[in-house]
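Engineer: Here it is, the structure in full.
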Amino acid sequence: MATTAKKENAGQRSGGQKANSQKADSRKADGYRAITRYLIVSPYKIRPVANLVRRKPYTEAVSMLENMPHKGARLIKKTVVSAASNALNQDKQLVEDMLYIKEISVDEGPRMRRVWFRARGRADMLLKRMCHITVVVDETAKAGK
């Protein structure tokens, strides 16, 4: 399981300050992102859990996910907490109560194929599905809530 964050190349662009300020403005417009890739669980099992926490405040979403018995709730919670950590590290003026889940998407990943041997010399293919979880958190003041 690999969690990646959207990184900022400070001072490495040829445009200097202007390019960095434009990138910072576009980052704030998009929100703060965390992506977890190649989770070995079917996206069909995770999407109903993701639908419950979409557009919720951060603290409420985390408390909901902690009290759910699903494996997908645990995996989504890790990604949501990572996105919130990215937001708090990139903007020191933010507090957890100011964040909400702007977007959450569960996409299909590659499928691992396993052979399932059956009776009479037959074999079936067993597909182990993977998924990618993308979470974007943003400030509640921008949403007008």
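Engineer: Across the range 102-129, what is the number of residues that are touching a Leu at 6+ places or on another chain (Cβ under 6 Å) and either of a type in the set (A, V, I, L, M) or free of Cβ contacts under 8 Å to residues at least 12 places away in the same chain (or both)?
Structural biologist: So the answer is 1.
Engineer: If a residue must be among the hydrophobic types (A, V, I, L, M, F, W, C), assigned to a helix (DSSP H, G or I) and within 17 Å of PRO48 (Cβ to Cβ), how many such residues does the range 58-110 contain?
Structural biologist: Selection size over the range 58-110: 7.
Engineer: Of all residues in the range 62-79, which are closer than 15 Å to CYS131 by Cβ and not basic (Lys, Arg)?
Structural biologist: HIS70, GLY72, ALA73, LEU75, ILE76, THR79
Engineer: Quick one: which of GLN17, GLN93 is surrounded by fewer than 15 Cβ atoms within 10 Å (Cβ to Cβ) and either modelled with pLDDT of 85 or more or under 29 Å from ARG129 (Cα atoms) (or both)?
Structural biologist: Within the list GLN17, GLN93, the selection yields GLN93.
Residue-by-condition table, conditions (1) buried (at least 18 other Cβ atoms within 10 Å of the Cβ); (2) in contact with a Pro (Cβ under 6 Å, 6 or more places away or on another chain); (3) more than 28 Å from ASP30 (Cβ to Cβ):
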residue: HIS70; (1), (2), (3): no, no, yes
residue: SER85; (1), (2), (3): no, no, no
residue: LEU99; (1), (2), (3): yes, no, no
residue: LYS102; (1), (2), (3): yes, no, no
residue: LYS128; (1), (2), (3): no, no, yes
residue: CYS131; (1), (2), (3): yes, yes, no
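The values are calculated or read from the model by the stated rules, or taken from the named source; none is laboratory data. All of these numbers come straight from a predicted model, not from anything done at the bench. In this analysis, Cβ positions are derived from the backbone assuming ideal geometry, glycine residues included, and neighbour counts consider all displayed protein chains.
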